[in-house]
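Here's the structure we're looking at; comments come further down.
No value in this document is a laboratory result; all are computed from the given coordinates. The model shown is predicted, which means the values in this text are computed figures rather than measured ones. In this analysis, Cβ positions are derived from the backbone assuming ideal geometry, glycine residues included, and neighbour counts consider all displayed protein chains.
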Amino acid sequence: MLSFVFLDQGKKTSTNPIASIFAWTRGLDHRAKLDQNKDLHKFCASLEKACIETVESGKMTKDLAGCIHGLKNVKEGDYLNTMDFLEAVTESLKQQLSK
């Protein structure tokens, strides 16, 4: 709720979208299996891998940076806001899909 209020006020947030992304990819991947849709399966696997590789490369949201540094020790440069994180995942996804 607080993230919505911040966004509504034009403020940046650092909300972790990975759980939502994985919920969608797992549902879509199940649909891909039912329909034998290899392209959709590849997209789902690539998006999940892009999320993981983005975090492993050090690009993450504030909550994940808090797991590494401790929430009290997290500095602004340790994490990305939500939109910048999604852009980083998008770039990684483009690389995954081009393979």
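Annotations for the structure displayed:
- Qualifying position, being under 27 Å from Gly10 (Cβ atoms), assigned to a helix (DSSP H, G or I) and of a type in the set (A, V, I, L, M), among Ile21, Ile68: Ile21
- Against the numbered list (1) free of Cβ contacts under 8 Å to residues at least 24 places away in the same chain; (2) under 10 Å from the mean Cα position of the chain (by Cα), Cys51 comes up short only at (1).
- Single unsatisfied condition, Met83 versus (1) surrounded by fewer than 16 Cβ atoms within 10 Å (Cβ to Cβ); (2) assigned to a loop (DSSP other than H, G, I, E, B): (2)
- Residue check: Val89 meets all listed conditions (1) free of Cβ contacts under 8 Å to residues at least 40 places away in the same chain; (2) within 25 Å of Arg26 (Cα to Cα) but one, namely (1).
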